[in-house]
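J.: Quick one: the structure is below, questions incoming.
The values are calculated or read from the model by the stated rules, or taken from the named source; none is laboratory data. Everything numeric in this text was worked out from a predicted model, so none of it was measured. Please note: Cβ atoms are built from the backbone with ideal geometry, for glycine as well, and neighbour counts cover all protein chains shown.
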Amino acid sequence: MTQEATFSPVIAPMLPDAFSHALMQIVNRVQPSIVQVVKEGRGAGTGIVWKIDGHDGFIITNHHVVPDDATKIQVHLSDGRSLDAKVIDRHKKSDVAMLSVNADNLQAVEIADSASLRVGEWVFAVGNPWGQRGVVTAGIISGVSAPKTKEGNGELPIRYIKSDVILAPGNSGGPLLNADGMVVGVNAMVFGGDLAVSIPSNVVSSWIAGLSRRRQISLGIEVETVDLPAALRQKAGVGSKRDSGLLVVALETGELKEQPAGSGLLIGDLLLDAAGKSIDDATSLLDIVARKDREDSLRMRLVRGGNVLTLDVAVAALEHRE
């Protein structure tokens, strides 16, 4: 005899109300951190108040919202203020840009670790589609792409979050939020008519970390994410939950000034940890590297020739950026 599953007649009707209440709380909390970005007097997109080096007068948006030919840029705040904005820097390949405004009491968003996202997770988008302020849409994570990426020459690893939240012109540069109301991505585009594409928060944070030192840094390598066989996981002591590492597939010369290509790493090295933290994609590695100083070395654990090694890898600095 089988027993049918039963549901509480009291709890089940509460679920939609609880969900709605939680969403309203998220929206109310983040709205002051969402701005409208206006280019040459026309609505262009959305921006996010982002705390950088302890300061909250910065706005993150998309490169295509404030392209190189953009001149007069303003941001409209939720409290009704309109402020002139200055472009601090842009990165066309990853489609991110940083603006600064002269204002006090801006409320920065909380940033989450985008590497923890999972397919099926609820996410929310807030933006200004078609010039309408503060529009909210909901959806789920459909996938996270991690194509082959260069970690050399100061290039950012390009990785995208895919979801089914509804985006429209004017949403670009707005936040993709998790169920806790924290930013996991910056909304960028719609692909194929109904697939929303967002830039992971970790990619944005890595770019910002490089800018904060007015330079970009690199280990001078090209890496790919590969699976870790069970035997190798056991030998490396990484546990059953760890199923991937970074394989060095090429050495880059680029503009490195102080270290030979590869900075001591060899093609075929399988990278496991850097500075005591697990690395399973180029984004996580760059996030660690971007926080190192020119004189530093980076302690890495890797597999070479079937043996697990610990190696102090020299951090190579690229040219300073003006």
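J.: Only residues that are small (Gly, Ala, Ser) and not in a strand (DSSP E or B): list them for the range 115-138, please.
T.: Across the range 115-138, the qualifying residues are Ala115, Ser116, Gly120, Gly131, Gly134.
J.: Just to be sure, is Asp84 assigned to a loop (DSSP other than H, G, I, E, B) and either touching a helix residue (DSSP H, G or I) at 6+ places or on another chain (Cβ under 8 Å) or surrounded by fewer than 21 Cβ atoms within 10 Å (Cβ to Cβ) (or both)? Explain how you work it out, then say what you get.
T.: Working: assigned to a loop (DSSP other than H, G, I, E, B): no; either touching a helix residue (DSSP H, G or I) at 6+ places or on another chain (Cβ under 8 Å) or surrounded by fewer than 21 Cβ atoms within 10 Å (Cβ to Cβ) (or both): yes.
The answer is no for Asp84.
Table: residues versus (1) modelled with pLDDT of 90 or more; (2) among the aliphatic types (A, V, I, L, M).
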position	(1), (2)
Gln107	yes, no
Ser116	no, no
Val126	yes, yes
Gln132	no, no
Val136	yes, yes
Gly143	no, no
Glu151	no, no
Leu156	no, yes
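J.: Answer yes or no as to whether Asn171 is in contact with a Pro (Cβ under 7 Å, 6 or more places away or on another chain) and either polar (S, T, N, Q) or modelled with pLDDT under 80 (or both).
T.: Considered against the rule, which asks whether it is in contact with a Pro (Cβ under 7 Å, 6 or more places away or on another chain) and either polar (S, T, N, Q) or modelled with pLDDT under 80 (or both), Asn171 comes out as yes.
J.: A further question follows. Is it the case that the range 107-114 has a residue that's buried (at least 16 other Cβ atoms within 10 Å of the Cβ), touching a Pro at 6+ places or on another chain (Cβ under 8 Å) and part of a loop (DSSP other than H, G, I, E, B)?
T.: Within the range 107-114, one or more residues are buried (at least 16 other Cβ atoms within 10 Å of the Cβ), touching a Pro at 6+ places or on another chain (Cβ under 8 Å) and part of a loop (DSSP other than H, G, I, E, B).
J.: Considering only the range 87-101, state which residues are in contact (Cβ under 8 Å) with a residue 60 or more places away in the chain, buried (at least 16 other Cβ atoms within 10 Å of the Cβ) and farther than 11 Å from Trp207 by Cβ.
T.: Hit for the range 87-101 is Leu99, nothing else.
J.: Any residue at all in the range 44-51 that's aromatic (Phe, Trp, Tyr), in contact (Cβ under 8 Å) with a residue 60 or more places away in the chain and not assigned by TED's automatic domain parsing to the domain that holds Ile166?
T.: So far as the range 44-51 goes, yes, one or more of its residues are aromatic (Phe, Trp, Tyr), in contact (Cβ under 8 Å) with a residue 60 or more places away in the chain and not assigned by TED's automatic domain parsing to the domain that holds Ile166.
J.: Return yes when Leu246 is at pLDDT 85 or above, in contact with a strand residue (DSSP E or B) (Cβ under 8 Å, 6 or more places away or on another chain) and not assigned by TED's automatic domain parsing to the domain that holds Ser201 and no when it is not.
T.: Details: at pLDDT 85 or above: yes; in contact with a strand residue (DSSP E or B) (Cβ under 8 Å, 6 or more places away or on another chain): yes; not assigned by TED's automatic domain parsing to the domain that holds Ser201: yes.
Against the criterion (at pLDDT 85 or above, in contact with a strand residue (DSSP E or B) (Cβ under 8 Å, 6 or more places away or on another chain) and not assigned by TED's automatic domain parsing to the domain that holds Ser201), Leu246 qualifies.
J.: Can I ask one more? Are any residues in the range 23-39 surrounded by 14 or more Cβ atoms within 10 Å (Cβ to Cβ) and in a helix (DSSP H, G or I), and if so, which ones?
T.: Here is the first cut: in the range 23-39, the residues surrounded by 14 or more Cβ atoms within 10 Å (Cβ to Cβ) are 23, 26-27, 29-39.
Correct list: Leu23, Ile26, Val27, Arg29, Val30, Gln31, Pro32, Ser33.
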